[in-house]
Ligand SMILES: Cc1cc2nc3c(=O)[nH]c(=O)nc-3n(C[C@H](O)[C@H](O)[C@H](O)COP(=O)(O)OP(=O)(O)OC[C@H]3O[C@@H](n4cnc5c(N)ncnc54)[C@H](O)[C@@H]3O)c2cc1C
């Protein structure tokens, strides 16, 4: 690695001004550094300046109120999200997801903001947050703008951030009464930390019927995606093992999986089908062995 000038702005505006003055080639934002340091070591990027956002108070904190929902500052680490009392109370699916990211070292160092800004598809928060209808707030000298997470993640390792913008916070609307969620992930081997496939389902159970389902697949596609056909199919339906299998088939059909050294597209599609079925069964209290041919 080479030497850097280290910048420590204390406000979003100051940081944005520094980013604009130096330009994309010369400066990189650093939060926890878990992703950035690897790209520096591999010389994938060669900035002359690192801009630490650690001293910007606006990016800190996790809070909740019924009207505005959950606010997670971009600097919240995965471990902070997993441990947060308000997240555990109001969004147990999010706490459960964050508690399974990587390993304790990465959870205690990596931030949720860095995770989303890096745009790596093989990660957990994007799919889970998409099923929760999350939005992101981006800040610069021009003020703040809010956009749905689905618009923020543009492509493989690509986001809608302008060069002088910073991710300030993530917002998640409060869940309607009775709504619950299940987040599932599949790892190729126990030693591999990153998910190959993830499925998040948020829905309301009325008896055995499903209302307001929001279903997202992550990690297995270039960007996380909502599965609208499966969501519509679930609406008002009594969910039994056959319905869970049908939903899983739809989900597997409707994705364009990644294909790389970690797994072929066909393998990912098969795993998405299995994980989606397990996720629907778990939310509706069905045994995952029910209805499966021996
Ligand atoms: C061994 C290992 C295993 C992992 N396993 C998993 C896993 O199982 N699941 C999972 O979800 N993730 C996993 N990850 C990824 C991990 O979650 C991310 O590396 C981490 O969240 C990135 O956050 P950071 O604060 O370290 O970001 P940094 O490395 O500091 O930054 C990452 C990128 O985002 C930019 N950036 C950071 N914050 C902001 C901001 N607020 N505004 C604008 N740009 C910003 C930086 O410039 C940089 O380009 C793993 C990582 C490692 C190293």
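Identify the residue in region 78-97 that is more than 20 Å from residue 31 (Cβ to Cβ) and under 15 Å from the mean Cα position of the chain (by Cα) and, among all such residues, is surrounded by the most Cβ atoms within 10 Å (Cβ to Cβ).
The residue in question is 91.
Could you tell me whether residue 100 is under 21 Å from residue 14 (Cβ atoms) and surrounded by fewer than 21 Cβ atoms within 10 Å (Cβ to Cβ)?
no
Would you be able to say whether some residue in region 170-189 is over 19 Å from residue 278 (Cα atoms) and within 11 Å of the ligand (Cβ to nearest atom)?
Yes, region 170-189 has at least one match.
If only one of 285, 236 is surrounded by fewer than 16 Cβ atoms within 10 Å (Cβ to Cβ), in a loop (DSSP other than H, G, I, E, B) and touching a strand residue (DSSP E or B) at 6+ places or on another chain (Cβ under 7 Å), which one is it?
So the residue among 285, 236 that is surrounded by fewer than 16 Cβ atoms within 10 Å (Cβ to Cβ), in a loop (DSSP other than H, G, I, E, B) and touching a strand residue (DSSP E or B) at 6+ places or on another chain (Cβ under 7 Å) is 236.
Out of (1) more than 26 Å from residue 28 (Cβ to Cβ); (2) away from the ligand (no atom under 14 Å from the Cβ); (3) in contact with a helix residue (DSSP H, G or I) (Cβ under 6 Å, 6 or more places away or on another chain), what's the single condition that is false for residue 141?
(1)
Taking the residues in region 103-122 that are near the ligand (Cβ under 6 Å from one of its atoms) and buried (at least 22 other Cβ atoms within 10 Å of the Cβ) as candidates, determine which candidate is farthest from the chain's Cα centre (by Cα).
Across region 103-122, the extreme among qualifying residues is 110.
Give just the number: which of (1) within 21 Å of residue 179 (Cβ to Cβ); (2) touching a strand residue (DSSP E or B) at 6+ places or on another chain (Cβ under 7 Å) does residue 85 not satisfy?
Going through (1) within 21 Å of residue 179 (Cβ to Cβ); (2) touching a strand residue (DSSP E or B) at 6+ places or on another chain (Cβ under 7 Å) one by one, residue 85 breaks only (2).
If residue 93 satisfies every condition in (1) within 23 Å of residue 218 (Cα to Cα); (2) modelled with pLDDT under 95; (3) more than 11 Å from the ligand (Cβ to nearest atom) but one, which is the exception?
(2)
Identify all residues within region 239-266 that are touching a residue at least 40 places away in the same chain (Cβ under 8 Å) and in contact with a strand residue (DSSP E or B) (Cβ under 7 Å, 6 or more places away or on another chain); write none if there are none.
Within region 239-266, 239, 251 meet the criteria.
Filter region 17-35 for residues that are closer than 27 Å to residue 79 by Cα and either away from the ligand (no atom under 13 Å from the Cβ) or in contact with a strand residue (DSSP E or B) (Cβ under 8 Å, 6 or more places away or on another chain) (or both) and give the result.
Result: 28, 29, 30, 31, 32.
The values are calculated or read from the model by the stated rules, or taken from the named source; none is laboratory data. Quick caveat: nothing in here was measured; it's all calculated off a predicted structure. Cβ coordinates were reconstructed from backbone atoms using ideal geometry, including for glycine residues, and neighbour counts include every protein chain displayed.
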